[in-house]
Every structure is written in structure tokens, then in C-alpha cells.
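Values quoted throughout were computed directly from the atomic coordinates according to the rules given, and no laboratory measurement underlies them. Owing to the predicted nature of the structure, the values given are computational and were not obtained by experimental measurement. Every residue, glycine as well, gets a Cβ built from its backbone with ideal geometry; the counts of neighbours run over all protein chains shown.
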Amino acid sequence: MSENTITEKKTNPYIVALAVLLPAFLALAASSATNVSQPHIAGFYGATQYETNTVITCYIISGGLMLPVTGYLVRTIGKKLLMYYSIWVFCLGCLLCLLAPNLQALIAARIVQGIGSGCILPLCQAILLEVFPEEQRGVAMGLFGVAAMFSPLAGPFFGGYLTDNYSWQWIFIINIPLCMLSFLLVKLFVKSDKPEKQKYNKRFDYVGYFSIVIAMACMQIVLDKGQQFNWFDTTWICWLTGICVFSFVLFYVWELEYKYPVIDIRVFKDKNFLFGTIASSFINVMIYSTLLLVPMFVQSLLGYSPSMSGLTMFPRAIICLIGLLAVGEISRFIDSRHLASIGLVTIAISLLMLTQMNTTSSMESIILPNILLCIGVPTAFVPITALSFQTLPASKNADAAALHALFKNIVTAIATSASATFIARVSQVHQNYLVGNLSPHNPIFQYKFAALKAKFMHLYPSVLAARKADGMLYRQLQQQARLASFFDVFTVLALLCIIIIPILYILKVKKAKAQSKAS
């Protein structure tokens, strides 16, 4: 078979893994590196926080637009050539980001960069599944997790360091020489695979592809602008939501019925792949939500700089890297479902530890829960991903990897927007409850107010001192309301970890036993 020709040459699979992991690392690190530099980007272009948030989400969504066509492109031009093109388009996007004269141009450049990154991750996963033997799929997925999990975690650290010590533009500059190196490694070590010429290759499913493009484009606009325009109180957001839902339904039905689908959605008939994809999507929710929320917490409530914010996240990246490499081997000896359950419980405990933070928390009290979280992430991610693809035939790997990444991409985009909206809305709810304490009938409030007013009267007249004292107490109330909203969102995420554990025991592990007997 043409798709398996990459394994014909006796090449060390670890060298091939290095060649495909570097571009995957760059593509995923780019999704989170700009998280900590948002205030700098907003200041550079004179934009608001909500406007610069599009810089992040448009990259995620535009990358997602390439996922449905990854299988078709692999069948048409092969994995190696598609990896070439993806790296060059990603590099071009980085260059355009440097030259962007305004925020709109930067967003357009990020879309180009996202299009280049879209195919890289499923290509990396498909190649690793081919070059490693079946009994080492846990090792292969552990290496894949280095790109899938480590790079988004390391992104904020590198992004913060470059922003503070140089400028936010260096987040894109550094990618250009690394893209050149990636191209060279792929050229040298990834085996060429020339697909067979079939009618199937020549037919492109325009209806299926454009329906998913319209769905994801509408979803991005709704997620970006929903909070700013008060969600479904705005008519055009309701219309876009309706178009989005209709397009997703059309995509699903059309792909099931059409003879030459852009992506073989029938792979969801495999129970392991379906429930494994759902479970791994929830792990992505934990990773990307905390990746957004923890820097937001330390910057807005503790006053950390971007580099300090990135530093609090970097230890979790190191622990995750070690865990991903170790769990790949451990998963060969322990039931994958039990191992994943232990990982999810560990993640839940770490999220509950984050609810103990306050406005005087030390860096250590923030780093420790993050380290525990990234012990749990690889412990859950590696066995779940290996089980997801365990019962699929090798010929379905490219389609399945693309669909797996697409599903996680959609869930991650929704979760990222939902987390930010949750903080904004729930903090208002807590503020409504707490504002009753700022009452003239509350003796504690009166005491604090009088003490602050007396201090301000050393510098201001009585009336102005009273306003200053009142304003300071109100700012403290807003701070406490925001703090309570962070506690709530971390509690909800911890609860989700526990809820998805029963899903793991739907997955089958019979094939792994059969392989061990055969060997």
C-alpha cells in the first residue's frame, strides 16, 4: 500500500520522530506563546483586550479549517510533500506577522500562520503511528504528546521571556530559522510516499469542506465577539449561531452520505476512537483553560509581568515532558484505562488546589498545583490517545488523526472562550452578592471606611478623601469577586475530570492482549 511505503526503509523511528516533532512543536507553541503578550500587542496597536483575543482564536480556528482536508491532501500529494508545504506556509505567516502595520493585518497574518500549522499535528501523529511498531504505540503517543502537550505549556514561558527582554515580535522572529531547520530534517529523514493515482484523489468534496469552513468561521466570530456584544441579546450573533449549527449538521450528514467525503467521518463508528476522542478533548479543555486562566490570574490579581507569568507555567512544561516520555513505557505494563483514571484524578486534585490561591499567594503556591496537573496530564493523555487508535486499521490513521485533531480543536476553542466569559460573568454575580457588605449599616465597613478616609485626609480635603476611600474599598470588592470566579471555574473543571472517568471503561483493550500473545 502506498501509505505504508514510509516504513520500507530501515530508518530509526526516533530520528523520524525528531524530524516531525520539531514542526509540530513550533505549530502548537505558537497557539499559546501570544497569551502572555496580549497586553503588549494591544498597546502596540492601540486595541482592547477583546480585540487582541482574536489574535489567539483566529490561529486556532484557521488551523482547524485545514484538519478536514488533511486526509484528502495526504491521499493526493503524500505526507512528506504536505509537511513541506505546511512548514513553508507557517513560516510565511510568521514573516507576515512581523510586517503587519495594524491589528487587522496581524489577524490576517495569524490566519495564514494557522493554515500552515493545521496539517502539521495530524501528519506528525500519522507518521509516528506508521514508523513505530504496533506494540510500541504507547511510546509513539508519548512522543507525540511531547508536541501536543509540552509545546502549548512551554509557549507562555518562551513568549513571556521574549516579550519582556526583547519585544513581542520576537515570538514570530524565532520561528523562521527553526522552520528552515524543520524543513531540512523532514527532507533528510522522512521517507517519500507517492500516493496511488485513483479517481478518489481527483474528487474534492466542496460541499462538505465549505460547510465546515462556514461553521467554524461563524463559531470563531461568535466566540470572539459574544462577550463584547452580550451574546444572544444581539440579533446577528443569534443568526451566526444558527448558521454555525446548521452548517455542522450539514457537514455531518453530507459526509456520511457522500461517496467521496473530504474526511471519513465513519471512523467514529469505532467505539474506541469515538469515546477516546471525547475523553482526550476534555483533557485539552483542562490544559488550554488553565493555560489561559492561570496567567490571567497572576497578571490581573497578583500583578506579575509576562515573563514572571510564563515562569510560573514553565515547571509544568518540564514535568509534562518527563511524564510523556515515561508514561509511554509505563503504559505497556499497566491497564491503560486504570492509568488514565489515575491521571484524571490527579488533574482534579491539582485544580482543587488552585482554588486555595488568593491575592497574597506566593509563586510556589501557584507552581506546585501546576506541577501536579502536569503529572496527571501525560498519565491520562498517553493511554487515552493510544486506545483511541488501537482498534483502527492503519489505512484510516490519516483521516482519524485529522478528525481527532479537528474535534479537539473545536472543543478547545469553545472551552477557551467559555472560560474567559465565565470569569467575566461569574465575577459580576459575586460582585452583586458582595456589594451588600458596602453598606452604612455594616459596622466593619464603617470602620474600614473611616480608617482609610483618615489616611487620605493627610493629602486631600475631606470630601475627596471620602471618595478615595470609597473607591479603594470598591476596588477590593471587585478583586475579591474576580478571585471567587476563578475558584468557581477551577472547581467546575475538577468536576469534569471526575465525570469523564466512566467513559474510559467503555474503551476496549482486547487487541493489546492479542498482540502480546502473538509476540
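Listing for the model above:
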{"read-out": "Net charge contributed by nearby residues that have their C-beta within less than 12 Å of residue 482 (K/R +1, D/E -1)", "value": "+1"}
{"read-out": "Cα long-axis angle, helix 397-434 against the chain (0 to 90 degrees, to the nearest 10)", "value": "10"}
{"read-out": "Binned Cα-Cα distances of region 411-514, short to long, each 10 Å bin given as a whole percent", "value": "13, 26, 21, 16, 11, 6, 4, 2, 0"}
{"read-out": "Amide H within-cut-off set for residue 361, under 5 Å, with H built and near neighbours excluded", "value": "none"}
{"read-out": "Relative packing of peptides 119-128, 57-66, 208-217 - highest average C-beta neighbours within 10 Å first", "value": "119-128, 57-66, 208-217"}
{"read-out": "Phi-based couplings in Hz for region 245-253 (Karplus 6.51, -1.76, 1.60; Gly and Pro marked x)", "value": "5, 4, 5, 5, 5, 4, 4, 5, 5"}
{"read-out": "Neighbour-count ranking [beta-carbon atoms within 10 angstrom, fewest first] of 89, 262, 36", "value": "89, 262, 36"}
{"read-out": "Per residue, the convex hull volume that the Cα atoms of the chain enclose (Å³)", "value": "158"}
{"read-out": "Over region 108-182, equivalent-ellipsoid semi-axes from the Cα gyration tensor in Å", "value": "29, 15, 10"}
{"read-out": "Rg and Dmax [Cα atoms of region 168-298; Å; Rg one decimal, Dmax integer]", "value": "20.2, 55"}
{"read-out": "C-alpha long axis of helix 79-99 to longest principal axis of the chain, angle in °", "value": "30"}
{"read-out": "Helix-only mean residue ellipticity at 222 nm for the chain, each DSSP H run of n ≥ 4 adding -39500 (n - 2.57), per residue, nearest 500", "value": "-26000 deg cm²/dmol"}
{"read-out": "Rounded Å value of the spacing that divides the Cα centres of region 58-119 and region 264-288", "value": "24"}
